[in-house]
Amino acid sequence: MARKHHEPEEIMAKLRQVEVLLSQGKTAADAVRTIGVMEQTYYRWRAECGGLKLDQVKRLKQLEQENGRLRRAVADLTLEKLVLKGAGH
């Protein structure tokens, strides 16, 4: 099953929607089911974005993407270095 990548605006809206549903007396499981995500996803979003504003969430997502890109670049360069080092011996 393909993963759906939610935009920061969607995440914040869904977190707010769950808060409203909880305040109306729904259980957490029912509220999360209503927004169409797994409970695990909701709790991860809440842990990551719970106290943040929308612009902070957007910035967090950008930094996570940049961090992933940089990690891949370092891994590629390390691999190249090892290959070149091995070719010299």
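Annotations for the structure displayed:
- Label corresponding to Cα Rg over 2.2 N^0.38 Å when calculated from the structure given, among (1) 1.63; (2) 2.10; (3) 1.15: (1)
- Electrostatic dipole magnitude of segment 26-89 [Cβ: Lys, Arg +1; Asp, Glu -1; Cα centre; debye, to 20]: 80
- Charged side chains reduced to their Cβ positions (Lys and Arg at +1, Asp and Glu at -1) give segment 18-61 a dipole of some 200 debye around its Cα centre.
- Measuring only protein heavy atoms, the 1.4 Å probe finds Lys53 accessible over about 140 Å².
- Working from Cα pairs under 8 Å separated by at least six residues, relative contact order for the chain is 27 percent.
- Farthest toward positive dipole pole in the chain [+1 Lys/Arg, -1 Asp/Glu at C-beta], among Ile35, Cys49, Leu60: Leu60
- Using the Cβ of Glu64 as centre and a radius below 12 Å, the other residues enclosed give a net charge of +3, where K and R count +1 and D and E count -1.
- Accessible surface of segment 48-89, 1.4 Å probe: 59 percent of it comes from carbon and sulfur atoms.
- Helical mean residue ellipticity (222 nm; -39500 (n - 2.57) per DSSP H run of 4+; nearest 500) of the chain: -26500 deg cm²/dmol
The values are calculated or read from the model by the stated rules, or taken from the named source; none is laboratory data. All of these numbers come straight from a predicted model, not from anything done at the bench. Every residue, glycine among them, receives a Cβ derived from its backbone with ideal geometry; neighbour counts consider all protein chains shown. All accessible areas refer to the heavy atoms of the entire protein, side chains included, with ligands and DNA or RNA removed. Shrake-Rupley method; radii C 1.70, N 1.55, O 1.52, S 1.80 Å.
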